[in-house]
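Remarks on the structure that follows.
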Amino acid sequence: MATVELRFSALPEHVRTARLVAAAVARRAGVDDAVLDEVRLAVGEACSRAVGLHTGQGLDTPVRVSLTEDEKVFRIEVGDDVPQGARGAARTSPEGADGVEGDDEVDMGLAVISGLVDDVEVTADERGGLIRMSWPTNPEPLD
Amino acid sequence: MDLSLSTRTVGDRTIVSVGGEIDVYTAPKLREQLVELVNDGSYHLVVDMEGVDFLDSTGLGVLVGGLKRVRAHEGSLRLVCNQERILKIFRITGLTKVFPIHTSVDEAVAATD
């Protein structure tokens with residue numbers, strides 16, 4: 001079972017909450033302070049992407065985030081409910097419908113995650129998508 | 001922390017000072033500001049990001065959109081940023097090759113190429 005699980009309505013205003021919670025749990029799990037900014041950014045990107053996918057498909061189901069503290073690793077999973085076949089039509093930015101920004105951001109979000117996180121896996125099937133990321137933790141977790 | 005925006009002009013340059021967090025929630029505010037400036041005829045923009053605590057790809061997308069808009073009017077969009085954690089995001093995405101990034105507003109205002 002995950003150390004902390006979070007479900008939030010697929011709205012942009014909740015992504016910041018997910019970032020704050022993830023960073024707090026990561027810090028407690030013993031992720032190096034120097035890497036916390038990367039955790040915050042990566043989970044924010046994954047959640048923004050999920051929110052955009054849900055919004056683009058008109059889904060009212062929540063975005064799921066699980067934060068798991070293992071012995072030597074801290075894992076984050078961000079799940080969405082947009083099936084593989086429908087993902088191409090989704091956008092990350094519902095307000096960005098002016099033709100200038102938009103579709104590019106889907107790839108830019110993944111580019112940021114891939115650039116930040118060494119251990120990352122992006123999958124999607126008929127039930128939805130999942131981004132799995134992990135970071136090493138210090139042997140002695142912080143209080 | 002929410003997003004704060006303020007603008008001022010120096011010669012033919014418009015300085016947009018941004019503070020707080022630029023993410024999927026706040027980026028539309030920045031987009032609106034940039035669109036409004038360009039619609040009002042400000043085509044040489046300097047976005048001062050020294051007060052930015054957080055920037056994600058949505059924010060990058062808005063800056064790229066702003067750059068496209070000013071370039072359509074043969075204008076420019078320069079960034080001011082000294083924060084390593086923000087600069088890293090531009091490097092990861094290859095956008096350091098797209099945006100002129102300066103260490104101070106004065107330097108950005110003085111730049112001509």
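The values are calculated or read from the model by the stated rules, or taken from the named source; none is laboratory data. Computed from a predicted model, the values in this text were never measured in an experiment. As a convention, Cβ positions derive from the backbone with ideal geometry for all residues, glycine included, and neighbour counts pool all protein chains shown. Surface accessibility is based on the protein's heavy atoms, side chains included, excluding ligands, DNA and RNA. Shrake-Rupley method; radii C 1.70, N 1.55, O 1.52, S 1.80 Å.
What number of residues within region B:1-55 are open to solvent by 40 Å² or more (accessible area, probe 1.4 Å) and part of a strand (DSSP E or B)?
Counting residues in region B:1-55 that are open to solvent by 40 Å² or more (accessible area, probe 1.4 Å) and part of a strand (DSSP E or B) gives 10.
Before we move on, is B:ALA72 open to solvent by 60 Å² or more (accessible area, probe 1.4 Å), farther than 30 Å from A:VAL51 by Cβ and not basic (Lys, Arg)? First the steps, then the outcome.
On the way: open to solvent by 60 Å² or more (accessible area, probe 1.4 Å): yes; farther than 30 Å from A:VAL51 by Cβ: no; not basic (Lys, Arg): yes.
Judged against the criteria, B:ALA72 is not a match.
Restricting attention to region B:18-32, does a residue exist that is of a type in the set (Val, Ile, Thr) and more than 10 Å from every other protein chain (Cβ to nearest Cβ)?
yes
Kindly provide the set of residues from region A:52-77 that are more than 20 Å from A:ALA2 (Cβ to Cβ) and among the aliphatic types (A, V, I, L, M), ordered by number.
Within region A:52-77, A:LEU53, A:LEU59 meet the criteria.
Output the residues belonging to region B:45-67 that are more than 11 Å from the chain's Cα centre (by Cα) and more than 12 Å from chain A (Cβ to nearest Cβ).
Once the filter is applied, which keeps residues that are more than 11 Å from the chain's Cα centre (by Cα) and more than 12 Å from chain A (Cβ to nearest Cβ), region B:45-67 yields only B:GLY51.
Return the residues of region B:79-100 that are away from chain A (no Cβ under 13 Å) and under 19 Å from B:GLU21 (Cα atoms); say none if nothing qualifies.
Passing the criteria: B:LEU79, B:VAL80, B:CYS81, B:ASN82.
Go through region B:87-113 and give me each residue that's β-branched (Val, Ile, Thr), more than 12 Å from the chain's Cα centre (by Cα) and not in a loop (DSSP other than H, G, I, E, B).
Result: B:ILE89, B:ILE92, B:THR96, B:VAL109.
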